[in-house]
1. Distances over 28 Å make up what percent of all Cα-Cα pairs in the stretch 254-407?
2. Karplus couplings for the stretch 474-486 from phi (6.51 cos²θ - 1.76 cosθ + 1.60, θ = phi - 60°), rounded to Hz, Gly and Pro as x?
3. Hydropathy first: keep DSSP H helices in the chain averaging at least -0.5 on Kyte-Doolittle, then drop any whose Cα extent along the axis falls short of 15 Å, and list what survives.
4. Taking every pair of Cα atoms in the chain, average 1/r, invert it to obtain the Kirkwood radius, and report Rg/Rh to two decimals.
5. Roll a 1.4 angstrom probe over the protein heavy atoms and tell me the percent of accessible area of the stretch 5-220 that is carbon or sulfur.
6. Residues in the stretch 45-82 near a label at Lys164, defined as backbone nitrogen under 18 Å from the 7 Å Cα→Cβ point?
7. Let a ≥ b ≥ c be the square roots of the eigenvalues of the Cα gyration tensor of the stretch 5-220; is it rounded (a/c under 1.5), or, if not, prolate (a/b larger than b/c) or oblate?
8. Can you give the extra length, in nm with one decimal, that the chain gains between Leu33 and Asp312 once fully stretched, where that is 0.36 nm per residue apart less the Cα-Cα distance?
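The values are calculated or read from the model by the stated rules, or taken from the named source; none is laboratory data. Everything quoted here is computed from the prediction, not taken from an experiment. Backbone-built Cβ (ideal geometry, glycine too); neighbour counts: all protein chains shown. These area figures cover heavy atoms from the full protein model, side chains too; ligands, DNA and RNA do not enter into them. Shrake-Rupley method; radii C 1.70, N 1.55, O 1.52, S 1.80 Å.
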Amino acid sequence: MIFDWTYFFSLFSMRSFWQACVTVVELSVLSWLISLVLGFVLANSRQSGPWWLRALSKVYIWLFRSVPLLVLVVFIYNLPQMLPSTGVVLGNAFFAGLVATVTAETAYMAEIHRGGLISVDKGQHEAGRALGIRFLGVQRLIVIPQAFRIALPSLINEFITIVKQTSLISVISLPELLMTGQRLYAENFLVMETLAAVAVYYVLIVSGFTLLFQLFERKMDVQASRTETLDEVALAGLRQVAHPIPARRQAARPGEPVALKLTNIHKSYGRHQVLKGVNLALAPGEVVSIIGPSGSGKTTLIRSVNGLESVDQGEIVLFGEDFISAGNPRVSSAMQKGIRRIGMVFQGFNLFPHYTLLENVMLAPRYHHQPPDRARNRAQALHLLDKVGLLAHAGKYPHQLSGGQQQRVAIARALALSPDIMLFDEPTSALDPELVGEVLKVIQNLANEGMTMLIVTHEMEFAMAISHRVVFMEQGNILADATPQAISRPSSGQSLSRVRQFIGLEGIN
Ligand SMILES: Nc1ncnc2c1ncn2[C@@H]1O[C@H](COP(=O)(O)OP(=O)(O)OP(=O)(O)O)[C@@H](O)[C@H]1O
């Protein structure tokens, strides 16, 4: 059999084939975009909806991933026989094909999106919540952009699958590429040449879109960012724009000397009682460090102070105002207001990897409209970055920094809402020893400025040097709460003797 090259090449100047190409592209792009959005809604319903919505979403995904597309296409095209009113739309082969493809693809896309959503680290959600950003804000500004970036290669792959699947719509006589070819070779019997041309058209469409998507992916890839450190001239320019945040409001109410008061805090994980009635109070401007053996409940305690952990019993009062109370709604308005007065720094930094350092610092003020204008927000963020010694890196992304630098940005980010209290949860534990000092220096500067701070730390020397009081926790209880001077005194009592042993100031008998 001879391959008729002349006929083969003539097929690339045939109008009906180019029209079929347009049909394939239209159908694919529309199907992809619609199922991208619907799939996302479905993934969210499956992840965080009420139980009945989660169950429905699961059934949808299970059902439409099981039914072959060809069956679905024929079924939907014939639906007007049962439901005549649907004939207005489904009587048209293009729309019937679109509905069938979207119905099936939504199920696949939902699972791809779900994969992206669950890949976003829990710390990202927590960092958003600690900045007082509500659920939808966290999703919109923090989770979805990252989940989309993670899911993008699979979503693009799905587009290619859709392009090829459009050939199945030929079964309901849509004049797409395969149908156009079939009609031709039914007349001239040049099957191989015609199908080869059909294949080339598909390859052209897929290649064109692959190129487009590659450019898009490159644009989205912050990991490829090569932003340079700014030189002195650029820094001087930025310093002229930078502006300090106005002095903090009067923290304590008149006659209310306590900045933070924890009363009888209990917390259990299942049957494991982690906090067993903790009482603790901080005066404005006071620096209190929490130390103690691993598993004693330090992190749980500090996380419950800004609502990242719920408490089973007890209450927390902030500057004389009700803040957290066991049994209250998980995010009450009093709690939401209080969270904005507290800055939190995490052990694992939890910077937002898809934003530059400047954007990381600007995010919470932008969300809360505090300050209301962008220029002022930027000026204040620049000032904060300068304060932690990172102005020269303002345009970089977190992955371009060392751990110590990332933690300093996290401190600047926590300061952006001008908090009255700062919480530090083991801020140096994830750092190499040579990077610890630079972070401790920033915390020391904050202490010198009179910031009220509660610090969970394993840096004993630092805790003793910086703190007004050191709290020692063991097995969910506060065993000692004393000044560093009292702890250092060798003649201190039995509980302080235990602290001295823990710190290494006293030998263990
Ligand atoms: N989400 C959780 N689910 C179940 N148990 C938990 C959870 N978080 C903490 N725990 C348990 O609570 C106890 C106290 O943990 P926590 O992290 O508060 O201790 P820690 O004193 O901060 O310890 P470390 O110094 O090692 O960080 C531990 O036994 C831990 O296993």
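1. Cα-Cα pairs in the stretch 254-407 separated by more than 28 Å: 35 percent.
2. Those phi angles translate into 8, 6, x, 10, 8, 8, 8, 9, 8, 6, x, 4, 5 Hz.
3. On the way: long enough: 15-48 (49 Å, 0.99); 51-66 (23 Å, 0.39); 69-82 (20 Å, 1.94); 93-119 (39 Å, 0.86); 144-165 (28 Å, 0.75); 177-188 (17 Å, -0.19); 191-220 (43 Å, 1.27); 357-368 (18 Å, 0.14); 374-387 (19 Å, -1.02); 403-415 (18 Å, -0.18); 433-448 (23 Å, 0.43).
In the chain, the long hydrophobic H runs are 15-48, 51-66, 69-82, 93-119, 144-165, 177-188, 191-220, 357-368, 403-415, 433-448.
4. On the way: Rg = 30.7 Å, Rh = 27.1 Å.
Reported Rg/Rh (Cα atoms, Kirkwood Rh): 1.13.
5. On the way: 7620 of 10890 Å².
The computed percentage sits at 70.
6. Only 68-71 fall inside the zone, counting backbone N under 18 Å.
7. On the way: a/c = 3.29, a/b = 1.70, b/c = 1.93.
It comes out oblate by the Cα gyration axes.
8. Working: separation 279, 0.36 × 279 = 100.44 nm, distance 4.53 nm.
Gain on extension, Leu33 to Asp312, equals 95.9 nm.
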